[in-house]
Every structure is written in structure tokens, then in C-alpha cells.
1. Restricting to the range 107-142, what's the tally of residues that are of a type in the set (Phe, Trp, Tyr) and more than 18 Å from the chain's Cα centre (by Cα)?
2. If you go through the range 58-77 one residue at a time, how many are buried (at least 21 other Cβ atoms within 10 Å of the Cβ) and β-branched (Val, Ile, Thr)?
3. I'd like to know if the range 65-79 contains one or more residues that are modelled with pLDDT of 90 or more, in a helix (DSSP H, G or I), in the same structural domain as Lys33 (by TED's automatic domain parsing) and among the β-branched types (Val, Ile, Thr).
4. Suppose we filter Arg59, Arg90 for residues that are in contact with a helix residue (DSSP H, G or I) (Cβ under 6 Å, 6 or more places away or on another chain), modelled with pLDDT of 95 or more and among the basic types (Lys, Arg); which single one remains?
5. So for the range 189-212 (the condition being in contact with a His (Cβ under 6 Å, 6 or more places away or on another chain), part of a helix (DSSP H, G or I), closer than 21 Å to Glu228 by Cα and hydrophobic (A, V, I, L, M, F, W, C)), does at least one residue qualify?
6. Would you be able to tell me the number of residues in the range 145-167 that are in contact with a helix residue (DSSP H, G or I) (Cβ under 9 Å, 6 or more places away or on another chain), surrounded by fewer than 17 Cβ atoms within 10 Å (Cβ to Cβ) and under 18 Å from Arg259 (Cβ atoms)?
Amino acid sequence: MVFNTIKQIGSICQTDSLGYLVNETSYEKVDNKHRELIQVFVNGLIEILGDNLNSVYVRGSVPRGQNIDKVSDLDAIIVIDKLITDRNQRLLEQLKSNLLNKNPYLVDIEMNFIEKEMLLSVKESFILTFMIKTYALCVYGENLSDKIPKFKADETIANEHIINLESQIKIAIADLQDNKGIDDIMDCCQWIMKIMIRAGMAFVMDKEQSYTRDLYPAYTIFSKHFKEKEAEMRKTLKFAIEPVSDVSKLISFLNTFGRWMIIQANNWLDKHNPHRLKYLLKDSSINDYGY
């Protein structure tokens with residue numbers, strides 16, 4: 001099966017001489033139109049959040065210079081001192097809508113909010129802490145990256161992608177059943193397919209000693225070790241890039257390949273995390289965080 005729309009884009013995260021993942025983002029890699037967009041975005045956040053805004057990070061393809069018009073999002077992690085109000089939330093949605101209307105090359109703007117105190121506690125916010133350290137560029141405020149320990153491509157990160165896979169697939173199936181909202185169906189399709197691709201990569205992270213969040217290289221890593229399932233994972237990649245609204249097709253796929261993925265996830269957990277701990281921290285990581 002061949003999908004011409006699948007582009008061989010993305011990369012494996014680089015490591016240093018000790019095997020720690022290297023943050024490859026830099027302001028120099030951000031193109032001019034995204035620099036202008038980020039400045040407008042940050043100014044909007046300052047106006048809405050005021051003193052509650054601690055720092056802003058842009059993650060993903062944009063700060064690595066790998067963004068593609070009408071494919072890439074602007075993904076942001078926004079560190080705050082306290083929870084935002086309902087009024088702030090409405091103003092933030094308006095800011096997002098205005099920026100999307102004025103910048104049609106953007107697919108979406110994703111804003112993840114996290115309180116500073118929670119961010120520095122790995123058990124409260126592992127994935128966002130990890131993202132700031134390895135995949136994000138600070139574009140405003142206090143850069144907390146130096147307060148976060150380094151990460152390796154090991155069971156700690158793999159567990160993050162695997163531990164909730166079964167429940168996530170079940171949630172996706174439940175959300176799709178009797179769903180008539182086309183946009184909602186396509187959002188669910190894209191969400192769960194991205195999760196499955198990254199989980200597939202996580203299954204073999206210990207063998208590869210490498211990590212990526214990018215979909216195409218994650219698919220290739222998985223397929224290298226599960227050649228008999230390459231076609232199914234390629235179909236997963238296709239669904240992630242071009243989500244569909246055919247509920248019966250999606251549920252059938254999740255009940256077949258998704259079920260196989262769940263079995264593999266449980267096999268991995270039986271070996272690496274038999275107690276099904278939410279956070280599988282190695283002793284070195286625990287010491288770094290002070291636990």
C-alpha cells in the first residue's frame with residue numbers, strides 16, 4: 001500500500017557523548033514569519049495574563065526549523081504562577097482564533113498551561129517537563145530548562161507512551177461510537193493515531209537507544225523491528241496525517257491493529273513495569289529530582 005501524501009520529514013533526537021538527549025531548538029532556526037507570529041502571540045499572552053505569566057516555550061517543528069506551511073502547528077507550553085480564570089480562557093480562545101485567521105499557513109495553535117510549581121515536580125507533569133528540556137525553546141520569561149535534569153532514551157520515557165495506551169484506545173473507540181460530528185471524529189482520529197505511532201516507537205526504544213516525537217521516523221523505527229506490521233503502522237501514519245470521518249472504518253482498525261498494540265503494550269509493561277507505575281523513574285532520575 002502506497003500513500004503519496006506521506007512525506008519523509010522529521011528526525012531522531014540527537015544525543016551527547018553520555019547518551020543524554022540534546023535540545024536542538026534555537027531562535028536562529030525560526031523563520032521570520034514565525035518570529036513575528038511568536039512576538040504577537042507572546043504580547044497577547046502578556047496582555048491577557050499579566051503578572052501571572054512566568055514563561056512561554058515554543059516546541060515541535062517550528063523552533064527546530066522543520067515546520068511546513070499548512071501542515072505544522074504552533075505548539076506552546078505556557079508556564080503560569082496560578083490557575084487561569086474563565087475570563088482569561090475566553091480571551092485566550094479569542095487570541096488563538098484571531099491568529100489563525102490572520103496566519104492561514106498555520107493548522108492550529110496548541111496551548112498547554114502548567115503552573116511553575118507543578119512543572120518542577122516530575123510526578124505531576126512528566127511530559128511537559130520532558131518537552132521543555134528536550135524539544136522546546138524559551139521565547140519569553142524565566143527559562144526553567146536549567147532546573148530540569150537531562151533525559152536519556154530509556155524506559156522512563158518509553159513508559160510515558162505505553163502506560164496509558166490501552167485506556168486511550170478504549171476512550172477513542174467510545175468517543176467515536178455514535179459520533180455524528182465530523183470535526184470531532186477527525187480530531188479523535190488524529191489524536192489516537194499519533195499516540196499509537198509514538199507507542200510503537202516506544203516498544204523498541206530500549207533496542208534503538210534513540211527517541212523521536214516526529215511521526216515518520218517513529219514509524220520507520222517501529223517498522224524496522226515489526227516488519228510484519230509495517231502496513232498497519234503505515235496506515236496509522238496515513239490516518240494521523242489525513243484523518244478521516246468514517247467511524248466504522250476507524251473503530252474496525254482500532255479493534256484489530258489497536259488490539260494488537262494493546263497486547264504489545266502489556267507485554268512491554270510485564271517486562272519493564274510489572275507494577276504498572278504511572279512514572280517509571282530510574283534511581284538517577286529520582287535523585288536528580290530530589291525524591
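1. First, the residues of the range 107-142 that are of a type in the set (Phe, Trp, Tyr): 113, 126, 130, 135, 140.
Among the residues that remain, those that are also more than 18 Å from the chain's Cα centre (by Cα) are: 140.
Here the count works out to 1.
2. Residues meeting the conditions: 3.
3. Looking through the range 65-79, none of the residues is modelled with pLDDT of 90 or more, in a helix (DSSP H, G or I), in the same structural domain as Lys33 (by TED's automatic domain parsing) and among the β-branched types (Val, Ile, Thr).
4. Numbers: Arg90 fails: in contact with a helix residue (DSSP H, G or I) (Cβ under 6 Å, 6 or more places away or on another chain).
From the options Arg59, Arg90, the qualifying one is Arg59.
5. Here is the first cut: in the range 189-212, the ones in contact with a His (Cβ under 6 Å, 6 or more places away or on another chain) are 198-199, 202, 204.
Remaining after also requiring part of a helix (DSSP H, G or I): 198-199, 202.
From what's left, closer than 21 Å to Glu228 by Cα: 198-199, 202.
Next, only the ones that are hydrophobic (A, V, I, L, M, F, W, C) stay: 199, 202.
Taking every residue of the range 189-212 in turn, at least one turns out to be in contact with a His (Cβ under 6 Å, 6 or more places away or on another chain), part of a helix (DSSP H, G or I), closer than 21 Å to Glu228 by Cα and hydrophobic (A, V, I, L, M, F, W, C).
6. 1
Each row is one residue, and each column tells you yes or no for (1) of a type outside the set (Val, Ile, Thr); (2) buried (at least 17 other Cβ atoms within 10 Å of the Cβ).
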residue: Ser17; (1), (2): yes, no
residue: His34; (1), (2): yes, yes
residue: Asp51; (1), (2): yes, no
residue: Val56; (1), (2): no, yes
residue: Gln89; (1), (2): yes, no
residue: Leu92; (1), (2): yes, yes
residue: Lys102; (1), (2): yes, no
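The values are calculated or read from the model by the stated rules, or taken from the named source; none is laboratory data. What you see is a predicted model; the values in this text were computed from it and never measured. All Cβ positions, glycine included, derive from the backbone under ideal geometry; neighbour counts span all protein chains shown.
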